[in-house]
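In what follows, a single structure is set out as structure tokens and then discussed.
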Amino acid sequence: MSAIHALVESAYRGDESRAGWTTEAELLDGTRTDEQEVRALVESERSRILLAHDAATGALVGSVLVEDEGDAAYVGMFAVRPVLQARGVGRALLAEAERLARDVLGRDVTRMTVIAQRPELLAWYQRRGYALTGQREPFPYDEARCGKPRRDDLVFEVLEKRVR
């Protein structure tokens with residue numbers, strides 16, 4: 001659990017995250033998640049966490065959550081070690097998450113949420129076939145485990161992709 005938690009934190013928050021392009025450090029301080037949430041997801045029958053390891057060292061370099069929501073598979077907690085971003089790890093993990101959603105969970109659609117103030121990340125997902133649904137979800141300002149926002153206008157865009 002702690003290795004997954006550390007990976008997610010490194011990809012989104014703090015100085016280490018600035019080595020990659022997925023950082024949220026300009027938008028949020030504090031944590032992205034906590035070990036209790038990671039543990040609950042790992043132990044849940046509804047979710048799977050896919051892991052990518054370095055072939056030479058075995059070190060954890062990427063992860064993605066796929067959670068069965070019934071009508072769709074939610075893809076989230078997607079992280080790649082910052083110094084390895086833009087090398088195809090994320091693209092491969094996302095493709096495997098979509099395959100798992102389709103072939104193992106039997107879902108036709110994958111869904112995700114992305115902070116609206118992250119246009120480069122939204123564009124990356126759109127290039128991979130995800131479409132904005134027009135739905136938005138509020139940012140959980142009252143949940144300490146989600147970080148300390150640096151601004152008061154954060155909101156999540158909902159994206160979906162047909163995988164079957």
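When you scan segment 4-14, do you find a residue that is modelled with pLDDT under 95 and in contact with a Cys (Cβ under 9 Å, 6 or more places away or on another chain), even just one? No, because not a single residue in segment 4-14 is modelled with pLDDT under 95 and in contact with a Cys (Cβ under 9 Å, 6 or more places away or on another chain). Close Cβ contacts (under 6 Å, 6 or more residues apart or on different chains) running from residues in segment 32-59 that are farther than 26 Å from ARG107 by Cα to residues that are among the basic types (Lys, Arg) and in a loop (DSSP other than H, G, I, E, B) comprise ARG32/ARG13. Report yes if ALA52 is farther than 25 Å from GLY147 by Cα and either touching a strand residue (DSSP E or B) at 6+ places or on another chain (Cβ under 9 Å) or modelled with pLDDT of 95 or more (or both), otherwise no. Here the answer is yes, as ALA52 does meet what is asked. When ASP153, ASP71, ASP142 are screened for being surrounded by fewer than 16 Cβ atoms within 10 Å (Cβ to Cβ), out of contact with any Leu (no Cβ under 7 Å at 6 or more places or on another chain), farther than 19 Å from GLU26 by Cβ and modelled with pLDDT of 95 or more, only ASP71 passes. When each of LEU121, LEU65, LEU132, LEU50 is tested for being of a type outside the set (Lys, Arg) and not in a strand (DSSP E or B), the lone residue that passes is LEU121. May I ask you to list the residues in segment 113-138 that are surrounded by 15 or more Cβ atoms within 10 Å (Cβ to Cβ) and over 15 Å from the mean Cα position of the chain (by Cα)? GLN117, LEU132, listed by residue number. Residue count for segment 79-102 under the criterion of being assigned to a loop (DSSP other than H, G, I, E, B) and within 13 Å of the chain's Cα centre (by Cα): the result is 1. Looking across segment 34-47, just one residue is part of a loop (DSSP other than H, G, I, E, B) and in contact with a strand residue (DSSP E or B) (Cβ under 7 Å, 6 or more places away or on another chain), and that is ARG46. Between THR110, THR57, the distinction of being farther than 15 Å from THR22 by Cα, part of a loop (DSSP other than H, G, I, E, B) and either among the polar types (S, T, N, Q) or within 16 Å of the chain's Cα centre (by Cα) (or both) belongs to THR57 only. Can ALA79 be described as in contact with a strand residue (DSSP E or B) (Cβ under 9 Å, 6 or more places away or on another chain), at pLDDT below 95 and not charged (D, E, K, R)? Against the criterion (in contact with a strand residue (DSSP E or B) (Cβ under 9 Å, 6 or more places away or on another chain), at pLDDT below 95 and not charged (D, E, K, R)), ALA79 qualifies. If the condition is being within 24 Å of ASP153 (Cβ to Cβ) and over 14 Å from the mean Cα position of the chain (by Cα), then segment 1-16 contributes only GLY14. For segment 126-164, a tally of residues being charged (D, E, K, R) and in contact (Cβ under 8 Å) with a residue 60 or more places away in the chain returns 7.
The values are calculated or read from the model by the stated rules, or taken from the named source; none is laboratory data. These figures come from a predicted structure and were not determined experimentally. Heads up, the Cβs are rebuilt from the backbone with ideal geometry, glycines too, and the neighbour counts pull from every protein chain shown.
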